[in-house]
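Encoded as structure tokens, the structure appears first; notes follow it.
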Amino acid sequence: MSIRWLALALGLAALATQSLASTRVAVYAIVDAIDFEPSSFEPERAWISGIFVVPVPISSGLHAEPARGHLYLSLDSANAAATRADWEALRANAGTGRVVGFGEYWMRCSLVRSAPQLPPNAENANCSAEITVVEADRTRATPEPYPKPSREGVVTVFDNNDDVCPRFGQSSVEIIANLREAHSPGSAPDKPPICEERIGLVDEALPGPSAVFEEAVLEYATRLATHADHPTLLERKRAVRAADERRRPLEAYRAEELALMHRDIFDDRRGFAAARHAFVTKRPRSWSRDTRPMPSSMSRPGPAAA
């Protein structure tokens, strides 16, 4: 490997990484009201009304669009005191129009109903918390476990740099702006600040025409590779990678991707069969969703005939 590319590789390996933000909490909410069962004294369940942004099931740092309705949550017996403290904080914020965040985003995949089957070496992997916004009457709703309480408790201030520039997923400030707009259309303030270093893929924007880009990158990479803090940057990168692996192993991402591919191929949720047929036969096709049955070769595998 030439000195030029060695310097480039070493420099890029030392790029600083961003912290998490949209995974800071599981649920973002504007709470209108909260009711406890069987009573407000040591409650076992909470019926929370308002507008909510909850995690996208089986995703990596993603949140759904704001939805108005209710959360019907039962006590986390393993964290009863912290759960009830969260519920009291939610009651204090109910009706104020204030955005709050609560619960940990990540939970063991084994506790998630829709989680894909994971290989043995990923048995401790984490998935996004599974929380349902219900529109039904409370008498017809089934309570779900309250997410593991965050060490921060109920969050009411989102002004960290991480809330603007998450490593992945939508930023907290974007989620909050959408939540406020959904709750009270037209009342949201100016657009949230834009992160110039989204998900850590951009460390620095280099000025100048494309013809001098290679030299500019080489100079930048050489500067990083020869910097006195180079070992510290590498160690920080290793520590972040190790923390990511403990929270959610790479194998869990692979299992998630395969599960989504399985749905795309065998449930044909995005018109895969028609696109594949058009590609193989070299015929054009409309990009609107094709609702025709899949060819038999693409049908979902089922149990063998007796």
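The values are calculated or read from the model by the stated rules, or taken from the named source; none is laboratory data. This is a predicted model, so every value here is computed, not measured. Every residue, glycine as well, gets a Cβ built from its backbone with ideal geometry; the counts of neighbours run over all protein chains shown.
Any chance you could count how many residues in the range 34-63 are under 25 Å from the mean Cα position of the chain (by Cα) and farther than 22 Å from Asp137 by Cα? Don't jump to the end; show me each part of the working.
Within the range 34-63, the first condition is being under 25 Å from the mean Cα position of the chain (by Cα), and the residues that meet it are 46-63.
Then keep just the ones that are farther than 22 Å from Asp137 by Cα; that gives 55-63.
Within the range 34-63, residues that are under 25 Å from the mean Cα position of the chain (by Cα) and farther than 22 Å from Asp137 by Cα number 9.
Identify the single condition in (1) touching a Lys or Arg at 6+ places or on another chain (Cβ under 8 Å); (2) loosely packed, with under 12 Cβ neighbours inside 10 Å; (3) not hydrophobic (A, V, I, L, M, F, W, C) that Asp264 does not satisfy, given that it satisfies every other one.
Failed condition: (2).
Of everything in the range 133-155, what is touching an Asp or Glu at 6+ places or on another chain (Cβ under 7 Å) and surrounded by 17 or more Cβ atoms within 10 Å (Cβ to Cβ)? Give them in sequence order. Steps first, please.
Going residue by residue through the range 133-155, those that are touching an Asp or Glu at 6+ places or on another chain (Cβ under 7 Å) are 145-150, 153-154.
Those that are touching an Asp or Glu at 6+ places or on another chain (Cβ under 7 Å) and surrounded by 17 or more Cβ atoms within 10 Å (Cβ to Cβ): Pro145, Tyr146, Pro147, Lys148, Pro149, Ser150, Val154.
How about the range 24-71: which of its residues are free of Cβ contacts under 8 Å to residues at least 60 places away in the same chain and of a type in the set (S, T, N, Q)?
If the condition is that a residue be free of Cβ contacts under 8 Å to residues at least 60 places away in the same chain and of a type in the set (S, T, N, Q), then Ser39, Ser40, Ser49 are the ones that fit.
Which residues, taken from the range 23-46, are exposed (fewer than 14 other Cβ atoms within 10 Å of the Cβ) and part of a strand (DSSP E or B)?
Passing the criteria: only Ala33.
Return the residues of the range 63-75 that are hydrophobic (A, V, I, L, M, F, W, C), surrounded by 16 or more Cβ atoms within 10 Å (Cβ to Cβ) and farther than 12 Å from Glu135 by Cα; say none if nothing qualifies.
Leu73, Leu75
What are the residue pairs meeting all of these: first residue in the range 235-264, first residue over 18 Å from Ser128 (Cα atoms), second residue among the polar types (S, T, N, Q), Cβ atoms under 7 Å, and 6 or more apart or on different chains?
Lys237/Thr17; Val240/Thr17
Which one is farthest from His63 (Cα to Cα) among residues in the range 117-131 that are at pLDDT 75 or above and in contact with a Ser or Thr (Cβ under 9 Å, 6 or more places away or on another chain)?
Among those that are at pLDDT 75 or above and in contact with a Ser or Thr (Cβ under 9 Å, 6 or more places away or on another chain), it is Cys127.
What strands (runs of 3 or more DSSP E) lie completely within the range 49-115 and have 3 or more residues being aromatic (Phe, Trp, Tyr)? Break it down stepwise before answering.
Values: elements: 67-74, 99-102, 106-108.
Counting at least 3 such residues, we get no strands (runs of 3 or more DSSP E) at all.
In the list Glu245, Glu235, Glu256, Glu251, which residue meets the criterion of being farther than 26 Å from Pro57 by Cβ and in a helix (DSSP H, G or I)? Break it down stepwise before answering.
Working: Glu245 fails: farther than 26 Å from Pro57 by Cβ; Glu256 fails: farther than 26 Å from Pro57 by Cβ; Glu251 fails: farther than 26 Å from Pro57 by Cβ.
On inspection, the qualifying residue turns out to be Glu235.
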